[in-house]
Amino acid sequence: MRLRIVANVAVSQKNQSKLKYILSGYHCRFINLQGAPNGYTLIVKFDGDHEAGLSIMDIIDRFRHQYLLANIRDRNKTVPLFEEPANY
């Protein structure tokens, strides 16, 4: 099983290098956001082993964050981990 994650993380410039160092061991990719008005400064992308993905999500949970995508892929089926809330 594989887990795919794209998360928007709010982390200070000082702590970005530490977080990137920790997550790079999991083969994550990063996009720095400069001057983001909502406070989110780093996008973390991961597509790999389910167990490693759960560890990454635990690390990301230490920061203010927003998951843009989180789903599990198993063979030909993709299952979202989070349902988008209904707008009423």
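The values are calculated or read from the model by the stated rules, or taken from the named source; none is laboratory data. Predicted model only: the values in this text are computed from it and were never measured. For neighbour counting, all protein chains shown are included, and Cβ atoms are generated from backbone atoms with ideal geometry for every residue, glycine included. Only protein heavy atoms, including side chains, enter the accessible area calculation; ligands, DNA and RNA are left aside. Shrake-Rupley method; radii C 1.70, N 1.55, O 1.52, S 1.80 Å.
Here are some notes:
- Within the set GLY48, GLY39, the sole residue that is of a type outside the set (A, V, I, L, M) and closer than 12 Å to ARG4 by Cβ turns out to be GLY48.
- Filtered residue count, the stretch 27-75, keeping only those that are more than 14 Å from VAL9 (Cβ to Cβ) and either of a type in the set (D, E, K, R) or touching a helix residue (DSSP H, G or I) at 6+ places or on another chain (Cβ under 7 Å) (or both): 7
- Selection within the stretch 41-62 - over 20 Å from ILE31 (Cα atoms), open to solvent by 60 Å² or more (accessible area, probe 1.4 Å) and assigned to a helix (DSSP H, G or I): GLU51, LEU54
- Selected residue (criterion: surrounded by the most Cβ atoms within 10 Å (Cβ to Cβ)) from residues of the stretch 63-83 that are over 12 Å from the mean Cα position of the chain (by Cα) and in a loop (DSSP other than H, G, I, E, B): LEU81
- Taking the criterion of being open to solvent by 20 Å² or more (accessible area, probe 1.4 Å), among the hydrophobic types (A, V, I, L, M, F, W, C) and in contact with a strand residue (DSSP E or B) (Cβ under 7 Å, 6 or more places away or on another chain), the residues of the stretch 11-38 that qualify are PHE30, ILE31, LEU33.
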